[in-house]
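The structure appears below as structure tokens.
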Amino acid sequence: MKKRTEYIYTAVLMAVLIFGLAIFAVLKPADEFSESERRPLKQLPELSVETILNGNFMDNFEDYTNDQFPLRDAFRSIKALSRYYLFGLSDNNELYFAEGHIAKLDFPLDEDSINYAADRFEDLYNKYMAGKANKVVFSVVPDKGFYIAEENGYPAMDYAAMQEFFKNRLDFAEYVDITGTLGKDSYYLTDTHWQQQYLTGTAEKILSALGASAFDNFEESVATEEFHGVYYGQSALPLKPEKIVCLHNAELDGMTVLNYETGKETGVYDFDKLGSKDPYEFYLSGPSPVLEVTNPNGEEGRKLIIFRDSFGSSIGPLLMNDYEKIFLVDTRYLLPDFVGNYVDFEGADVLMLYSSLVLNESSTIKK
């Protein structure tokens, strides 16, 4: 009799839970955006005879119910914690947790991807730099997995092979190996990106190859203490927020940045972005096709052109000491044929700085 009562209680509890969540799902207004995952959420698809017959309604409805499930973030956290600590699995959503860092399983080396990227860089050189640029330097930003993956039993990309490939293939550029200037603590715990306050040595090595000098003094200030990186939401782990720190001096504070896409002029740090979906955009206002930086204290007429991805946003300010004009170009957002409309390469120094994450998935670089 006692067991029967327990079965009844269990069945009733499950029924209440299931029907309660179903009713909650029906009554709850659909959320438009996931702050934790930094992406728009699926909305209720259009219901019509056509969408039912072609199957689009059911396909999209399944995505909608997954995205709009009640207490979704809480259940995602339970799943992630269970995978790591209850079932002892090594990753969740292709992310792993090691030495306090969340990192992405990014392997193996995609030869087609790095060949595609090299083709794009050669095209840029032949079109704009050959016979015009002063010095051309290329460097790969290693993912944090370079420093923590193998040591913790996770598969890792062959970073050495990637570096050797670009060193040999891009014979028009001097390759600069910056891996020795960085370590795992150079990166945010919950994000892909590196932290600016740890990049002075990296900047010095790049500038040395360009024949330029680095700033000799900085002051640190905390821009925010409430930064959650992109891996925070993707991993669903309940981790503490981090600080975003910026480096200041009189020269940097006197520079102006013109965004050609928006026409907006800011300083090298855009404090309005600290309240955006991605506070890392605080550095140089985030992704943009072309930025023009004016340094009143730079050497007259001296130019630096940086082809970059998002990693260039935080190190960019540290590279500007000697240059009167600095252009930051992101060909993930600008077709290469239009680069010459904004930038004159005559006598300029050129830095091509891309992360291994982008190079191993280089379809985002425009042709």
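Observations
- Residue in the stretch 166-179 that is at positive phi and among the small types (Gly, Ala, Ser) present: no
- Restricting the first member to the stretch 189-209 and to residues that are among the acidic types (Asp, Glu), and the second to residues that are surrounded by fewer than 17 Cβ atoms within 10 Å (Cβ to Cβ) and modelled with pLDDT of 95 or more, the beta-carbon pairs closer than 9 Å and six or more apart or on different chains are Glu204/Ser213.
- Selection within the stretch 149-164 - hydrophobic (A, V, I, L, M, F, W, C), without any contact (Cβ under 8 Å) to a residue 60 or more places away in the chain and not in a loop (DSSP other than H, G, I, E, B): Ala160, Ala161
- Condition met for Asn321 (touching a residue at least 40 places away in the same chain (Cβ under 8 Å), over 24 Å from Glu174 (Cβ atoms) and either part of a loop (DSSP other than H, G, I, E, B) or open to solvent by 10 Å² or more (accessible area, probe 1.4 Å) (or both)): no
- With respect to the conditions (1) at pLDDT 95 or above; (2) of a type in the set (A, V, I, L, M); (3) more than 23 Å from the chain's Cα centre (by Cα), Val141 lacks only one, and its number is (3).
- Yes/no for Phe146 being part of a helix (DSSP H, G or I), within 16 Å of Glu174 (Cα to Cα) and not hydroxyl-bearing (Ser, Thr, Tyr): no
- Restricting the stretch 177-211 to residues that are assigned to a loop (DSSP other than H, G, I, E, B) and of a type in the set (D, E, K, R), the residue that is nearest to Leu319 (Cα to Cα): Asp177
- Of all the numbered requirements in (1) within 22 Å of the chain's Cα centre (by Cα); (2) open to solvent by 10 Å² or more (accessible area, probe 1.4 Å); (3) more than 29 Å from Glu242 (Cβ to Cβ), Ile305 misses one, and that requirement is (2).
- Single residue of the stretch 276-305 satisfying the filter (small (Gly, Ala, Ser), in contact (Cβ under 8 Å) with a residue 24 or more places away in the chain and out of contact with any Ser or Thr (no Cβ under 9 Å at 6 or more places or on another chain)) that is farthest from Asn321 (Cα to Cα): Gly301
- Residue match in the stretch 343-362 (condition: out of contact with any strand residue (DSSP E or B) (no Cβ under 8 Å at 6 or more places or on another chain) and surrounded by fewer than 19 Cβ atoms within 10 Å (Cβ to Cβ)): yes
- Any chance Val339 is at pLDDT 95 or above, open to solvent by less than 10 Å² (accessible area, probe 1.4 Å), over 27 Å from Tyr188 (Cβ atoms) and not in a strand (DSSP E or B): yes
- Selected residue (only one of Tyr187, Tyr231, Tyr280, Tyr269 is modelled with pLDDT under 95 and surrounded by 18 or more Cβ atoms within 10 Å (Cβ to Cβ)): Tyr231
- Here the strands (runs of 3 or more DSSP E) wholly within the stretch 212-302 that include at least 2 residues being aliphatic (A, V, I, L, M) and within 19 Å of the chain's Cα centre (by Cα) are 242-248, 290-294.
- Filter result for Phe172 (open to solvent by less than 30 Å² (accessible area, probe 1.4 Å) and not in a helix (DSSP H, G or I)): no
- Unmet requirement for Asn126, which otherwise passes all of (1) over 21 Å from the mean Cα position of the chain (by Cα); (2) buried (at least 22 other Cβ atoms within 10 Å of the Cβ); (3) not acidic (Asp, Glu): (2)
- Candidate set from the stretch 239-258 (those that are open to solvent by 40 Å² or more (accessible area, probe 1.4 Å), among the aliphatic types (A, V, I, L, M) and modelled with pLDDT of 95 or more); member that is farthest from Thr192 (Cα to Cα): Ala250
- Every listed requirement among (1) among the basic types (Lys, Arg); (2) touching a helix residue (DSSP H, G or I) at 6+ places or on another chain (Cβ under 7 Å); (3) under 27 Å from Ala348 (Cβ atoms) is met by Lys167 save one, (2).
The values are calculated or read from the model by the stated rules, or taken from the named source; none is laboratory data. Note that the coordinates shown come from a computational prediction; the quantities given were computed from them, not determined experimentally. Here Cβ is always computed from backbone atoms with ideal geometry, including for glycine, and neighbour counts include all displayed protein chains. Remember, those area values only see protein heavy atoms, side chains included, never the ligands or the DNA or RNA. Shrake-Rupley method; radii C 1.70, N 1.55, O 1.52, S 1.80 Å.
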